[in-house]
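Trainee: Before anything else, here's the structure in question.
Just so you know, all these numbers are worked out from the coordinates, no wet-lab data involved. Please read all numbers here as calculations on a predicted model, not as lab measurements. As a convention, Cβ positions derive from the backbone with ideal geometry for all residues, glycine included, and neighbour counts pool all protein chains shown.
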Amino acid sequence: MSADVAVDFGTARTLVAVSGRGVVVDEPTIAAVDLGRNRLLAFGTDAVGLRGRCAGEVAIVRPVRHGQLADLDLTSAVAKELLRLVRTWSVGQPMVLCCVSGAATSVQRRALDRAFKEAGAGSVRFVEQQVAVALGSGLRIEEPVASMVVDVGAGMTEIGVLALGGLVTQASVPIGGGDFDEAIQRLCARDFELTIDSATAEGIKYAIGSAWVEEDDKVEVRGRDVSSGIVRSVVISRTDVADAMAPRVDHILGAVVSCITSAPPDLANDLLNRGLYLAGGGALLTGFGKRLASATGIPVHLVEDPERCAVAGAVLCMATLGHTESVSRRRW
Ligand SMILES: Nc1ncnc2c1ncn2[C@@H]1O[C@H](COP(=O)(O)OP(=O)(O)OP(=O)(O)O)[C@@H](O)[C@H]1O
Ligand SMILES: [Mg+2]
């Protein structure tokens, strides 16, 4: 029998795990496409390697934007590539369990279903990101006690209060770490008349980005002058960066608070005791957990492996999933 395959097709990273084996693919979600022949040339690190080196008809594209499939044709080609990459561990026609955003439409689900079936999957199932994260965090969501997860990805934040095996309240906010990078790019253009690329902005975020500034710090940034195009450098402070990111951080915090306030009071009380589980690479922003705890009044636990938590949960889910149902359960 073929080993089952769990897929977390994220805005920044694509993770594929095989049952009994663990994560076997961890690649940036980037594709190199031959526009002339409408063909996928490379995916992941191989595609990143082609960036800036290919001429004319080759484009480097991101197949997932804000947690949603951006190009359905490309999805089919990427699905084929992913199943080819796991062929060593999963021969035959595997069951594929895809993590999907709580905001995924039926069109998106059908596109994933078709793409993986065309790629050779025997069946395709779905699990909502919040459910996968909760399972991957070790939460016992079948209990009548409420749990809460917040997964801050690169382009989407998935928020969920869960009890009795399903989602009680949930929200999907199209903001993540990539939007923090974009805020830093805008800051450089507006206040310093400097153009920087997204990788430089991400580097600034890693170096001094913070959602809770305790001590100021500075970093030198190189970029191109907006009008002359000449390379020059400026010094940017942690406070500048925090102020630029603040509206996006606040948007996420506001959505978490409304998810809590719209849950039944007894469940909200459980959350005070159990705490809130924070996952996703975007949650690694310095001080984010502290801001979240302060905004909600609920203790925050950063999960053990924030970026792999969802796919790990999907693997656990596959072990119990019948081959006929999707794990998309809502209560109340
Ligand atoms: N130490 C860190 N500090 C701040 N941000 C970080 C850190 N490590 C990773 N990130 C950010 O985490 C994001 C990637 O997270 P993740 O892999 O969970 O996203 P994804 O699953 O691909 O996206 P999504 O779930 O939104 O579709 C990137 O924006 C990256 O810059
Ligand atoms: Mg994700």
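Trainee: Given an 8 Å cut-off on Cα distances and at least 6 residues of separation, report the relative contact order of segment 177-243 as a percent.
Mentor: 31 percent
Trainee: Return the long-range amide H neighbours of residue 167 (sequence gap of 5 or more, or a different chain), with a cut-off of under 5 Å between placed amide H atoms.
Mentor: 329, 330, 331
Trainee: Taking only complete DSSP H runs, can you tell me which helices of the chain stretch 24 Å or more along their own long axis by Cα positions and average at least -0.5 on the Kyte-Doolittle scale?
Mentor: Values: long enough: 238-261 (32 Å, 0.60).
Long hydrophobic helices here: 238-261.
Trainee: Moving on. At a 10 angstrom cut-off on C-beta neighbours, averaged per residue, how do the peptides 235-241, 160-166, 211-217 rank from highest to lowest?
Mentor: Ranking the peptides 235-241, 160-166, 211-217 by packing returns 160-166, 235-241, 211-217.
Trainee: Can you tell me what share of the DSSP beta bridges in the chain is antiparallel? A percent to the nearest 5 is fine.
Mentor: About 70 percent, rounded to the nearest 5.
Trainee: Pull out a ≥ b ≥ c, the square roots of the eigenvalues of the alpha-carbon gyration tensor of segment 97-154, then state rounded if a/c is under 1.5, prolate if not and a/b is larger than b/c, and oblate in the remaining case.
Mentor: It comes out prolate by the Cα gyration axes.
Trainee: Please arrange 99, 317, 188 by how many other C-beta atoms lie within 10 Å of their C-beta, fewest to most.
Mentor: Arranged by neighbour count, lowest to highest, 99, 317, 188 become 317, 188, 99.
Trainee: So between residue 51 and residue 217, what do we pick up on full extension, going 0.36 nm a residue minus the alpha carbon distance?
Mentor: 56.5 nm
Trainee: Right, something else. Per the Cauchy relation, a quarter of the hull surface: what is the mean projected area of the convex hull of the alpha carbons in the chain, in nm²? Show your work: numbers first, answer last.
Mentor: Details: hull surface 70.6 nm².
Projected area, direction-averaged: 17.6 nm².
Trainee: In whole percent, what relative contact order does the chain give with Cα contacts below 8 Å and a gap of six or more residues?
Mentor: Contact order relative to length: 19 percent.
Trainee: Order these peptides, 144-151, 301-308, by their mean beta-carbon neighbour count within 10 angstrom, highest first.
Mentor: Those peptides, ordered most packed to least, come out 144-151, 301-308.
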